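Structure first, commentary second.
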Amino acid sequence: MNKKILIVEDDKEINAMLESFLTQKGYDVWKALDGKSATEQMAEREYDLILMDLMLPFKSGEQLIRELRKSRETPVIVLSAKTMMETRLEVLRLGADDYILKPFDLNEVLVRMEVVLRRSIKEEKNRELSCGKLLFSLTENCVTFEGKKITLTAKEMHLLRLFLENPKKVYTKANLYESVWDDVYYYEDNTINVHISNLRNKLKKATGQDFIETVWGIGYRLKE
């Protein structure tokens, strides 16, 4: 299967040039010309790698990387004319995997992409979260118990992943809502309660065990 690449670049000529080059190299390519369109594209599908400019209309590349890193580890290579070392370091701290200065050579972009993709594949093969016999494969995005698959919704998967990634952390309802729904938690409602209850019930039915603990007055965490 061809690797899926998203190009986020407001310069139409550069965007088209990258699309043509990468398509010739066997990649499946999608394009976005501004930050808003990029957000919509990233919500629609999973990509293997994103090539991203920083200075974009509506939403900057920095903002896009922050949003992306709340829920995904999709590799990002920044293509930017910003030469200041402080900017480059800050972008890498935000979660970018590489930084290429404009103007760039297309073959250099290709080589950098291949390096990042190889590293990503190697890391994903070894990524698995667990709690006892409950396993969450990040590579296959599935949950199993003693080898049997447990069917969960996307929100339930996201909640369980948060708990497994930070087993000692107590999550407030606001923490969970802002992480999973990517929105500000303004007031008490039943959304979190319903999803946590559904997740608990499905895990209990499949395993006979309770995996999520209520910390009264605070929130929830993975049960020891």
Could we say that residue 43 is under 27 Å from residue 165 (Cβ atoms) and modelled with pLDDT of 90 or more here? no
Out of the residues in region 169-179 meeting the condition of being modelled with pLDDT of 85 or more and out of contact with any Phe, Trp or Tyr (no Cβ under 6 Å at 6 or more places or on another chain), tell me which one is surrounded by the most Cβ atoms within 10 Å (Cβ to Cβ). 176
Selected residue (criterion: farthest from residue 132 (Cα to Cα)) from residues of region 192-213 that are among the polar types (S, T, N, Q) and open to solvent by 40 Å² or more (accessible area, probe 1.4 Å): 193
Give region 195-222 a look and list any residue that's among the basic types (Lys, Arg) and in contact with a Pro (Cβ under 9 Å, 6 or more places away or on another chain), or say none. 221
Could you tell me how many of the residues in region 135-154 are closer than 15 Å to residue 198 by Cα and surrounded by fewer than 17 Cβ atoms within 10 Å (Cβ to Cβ)? 3
Mind checking whether some residue in region 164-181 is under 17 Å from the mean Cα position of the chain (by Cα), within 18 Å of residue 132 (Cα to Cα) and among the basic types (Lys, Arg)? no
Given the conditions (1) over 20 Å from residue 67 (Cα atoms); (2) in contact with a Lys or Arg (Cβ under 9 Å, 6 or more places away or on another chain); (3) in contact (Cβ under 8 Å) with a residue 24 or more places away in the chain, report the number of the one that residue 139 does not fulfil. (3)
Long-range neighbours under 7 Å by Cβ, at least six apart or interchain, first residue farther than 22 Å from residue 111 by Cβ within region 85-100, second open to solvent by less than 40 Å² (accessible area, probe 1.4 Å) and assigned to a helix (DSSP H, G or I): 94/62; 94/65
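The values are calculated or read from the model by the stated rules, or taken from the named source; none is laboratory data. Please read these numbers as outputs of a predicted model, since none were measured by experiment. When we count neighbours, we look across all protein chains shown, and the Cβ atoms used for this are built from the backbone with ideal geometry, even at glycine. Accessible surface is based on the protein model in full, side chains and every heavy atom, while ligands, DNA and RNA are left aside. Shrake-Rupley method; radii C 1.70, N 1.55, O 1.52, S 1.80 Å.
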